[in-house]
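J.: Mind looking over this structure? Questions follow.
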Amino acid sequence: MAWLSRAELLNDLRDRIRRLEDHAPTVDRSRIDLGTPALEDWLPDGRLAAGSLVELLSSADGAGALTLALFMSRHACRQRKVFVVVDHQGRFYPPAAVRLGIDLDRLIVVHPRTPQDAALAVDQSLRTAAVGSVLCWQDRLTTPAFRRLQLAAEIGGGLGLLLRPSTAQRAPSFAALRVLVTPVASTEAARRIRLGLLRCRGGKTGQSTILEIDDATGNVRIPPHVVTATSGARSAGASG
């Protein structure tokens, strides 16, 4: 892979977004549909305010946070918005995204050389109105850097999805929605994950629920006979 300089990386990102932006219609971005009833039930108005950050914390890769993030991005990027994935460590696998309904024609994957370049790519993408969702991995995030991401998202009006380790639970957060994701053992064909609500702007924390992921169809749903509970989100994390 030929690495681009920081300036080349940002220029390339701007050009690729601009080429897709010409075909993106102007739509109402006052609210974002996450497409997940369990999450929307936790939000004050059932939808997330445009220009918001969402933190998905998990103990390890494969816990289900990435799948949930892709599902949310699919809904946030309807109306032909652009989906940007900033992948500094080579964790993103496009075929899996396709199975979940991601449109490759509206997908831009950025492979920055350094964490600093990755931060700039995320910031640039979040500030662009044509971008519906930005997905990135943030193992470490300082308070000033987090605040810059929040401001960038507010400017662009899209959805910022931050995949973070569960060890970041005690760190300061500027996310409108903060969820702990842990895998749940299941005898069914579909995977199950537990969502623990750590923070919700304008909503109540401490709730949890279980979602079922059907990798064959790309559907994310509440399993039959499962009801949203009010058990502490930290307890859900401890059990995983």
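J.: Mind telling me which of Arg127, Arg170, Arg201 comes out most flexible in a GNM of the chain, alpha-carbon contacts under 10 Å?
T.: Arg170
J.: What is the extension gain from Arg31 to Leu104, computed as 0.36 nm multiplied by their sequence separation minus the C-alpha to C-alpha distance, in nm to one decimal?
T.: 23.9 nm
J.: What's the angle, to the nearest 10 degrees (0 to 90), between helix 65-76's Cα axis and the longest principal axis of the chain?
T.: Rounded to the nearest ten degrees, it is 60.
J.: Counting Lys and Arg as +1 and Asp and Glu as -1, each charge on the Cβ, what is the dipole of the range 31-179 about the Cα centre in debye, to the nearest 20?
T.: Value, rounded to 20: 140 debye.
J.: Can you work out the Karplus-derived ³J(HN,Hα) for every residue in the range 115-123? Use 6.51 cos²θ - 1.76 cosθ + 1.60 with θ = phi - 60°, whole Hz, and x for glycine or proline.
T.: Along the range 115-123, the couplings run x, 5, 5, 4, 4, 5, 5, 5, 4 Hz.
J.: For the range 163-173, take each phi angle, set θ = phi - 60°, evaluate the Karplus expression 6.51 cos²θ - 1.76 cosθ + 1.60, and give the result in whole Hz per residue in order, putting x for glycine and proline.
T.: My calculation for the range 163-173 gives 8, 9, x, 5, 5, 7, 4, 8, 6, x, 9 Hz in order.
J.: Run the helix sum for the chain: -39,500 (n - 2.57) per DSSP H stretch of 4+ residues, divided by residue count, reported at 222 nm to the nearest 500 deg cm²/dmol.
T.: Helices in the chain give a 222 nm mean residue ellipticity of -8500 deg cm²/dmol.
J.: Could you compute the FRET efficiency for Ala185 and Arg140, with r as their C-beta to C-beta distance and R0 at 35 Å, rounded to 0.05?
T.: 0.70
J.: Given H placed on each backbone N at 1.01 Å, which residues far from Val110 in sequence or on other chains put an amide H within less than 5 Å of it?
T.: Correct list: Val85, Val86, Asp87.
J.: Moving to a separate point now. Looking at the chain as a GNM with Cα springs under 10 Å, which of Arg16, Arg106, Arg80 has the largest mean-square fluctuation?
T.: Arg16
J.: Residues in the range 93-127, backbone N under 20 Å from the label point at Arg148 (7 Å along the Cα-to-beta-carbon vector): list them, ranges by number please.
T.: 110-127
J.: Something else now. With N set to the number of residues, divide the alpha-carbon radius of gyration of the chain by 2.2 N^0.38 Å and report two decimals.
T.: This ratio for the chain stands at 0.96.
J.: Note the full-extension length gain between Lys204 and Asp12 as 0.36 nm times their separation in residues minus their Cα-Cα distance, in nm to one decimal.
T.: The span from Lys204 to Asp12 would gain 65.0 nm if fully extended.
J.: Give me, ordered by chain and number, the residues 5 or more places off Ser58 or on other chains with an amide H under 5 Å from its own placed amide H.
T.: Arg164, Ser166, Val181
J.: Would the range 96-187 count as rounded, prolate or oblate if I go by the C-alpha gyration tensor, calling it rounded below 1.5 in a/c and otherwise prolate when a/b exceeds b/c, oblate otherwise?
T.: Oblate.
J.: Continuing with the same structure: Sequence-distant or interchain residues sharing an amide H contact under 5 Å with Arg192, placed H: which?
T.: Sorted by chain and number, the residues that satisfy this are Val184, Ile213.
J.: Using the Karplus equation 6.51 cos²θ - 1.76 cosθ + 1.60 (θ = phi - 60°), what ³J(HN,Hα) coupling, rounded to whole Hz, does each residue of the range 127-140 give in order, writing x for Gly and Pro?
T.: 7, 9, 5, 6, 8, x, 8, 10, 10, 8, 9, 10, 5, 10
We did not get these values from a lab; they are worked out from the coordinates using the rules stated. All of these numbers come straight from a predicted model, not from anything done at the bench. As a convention, Cβ positions derive from the backbone with ideal geometry for all residues, glycine included, and neighbour counts pool all protein chains shown.
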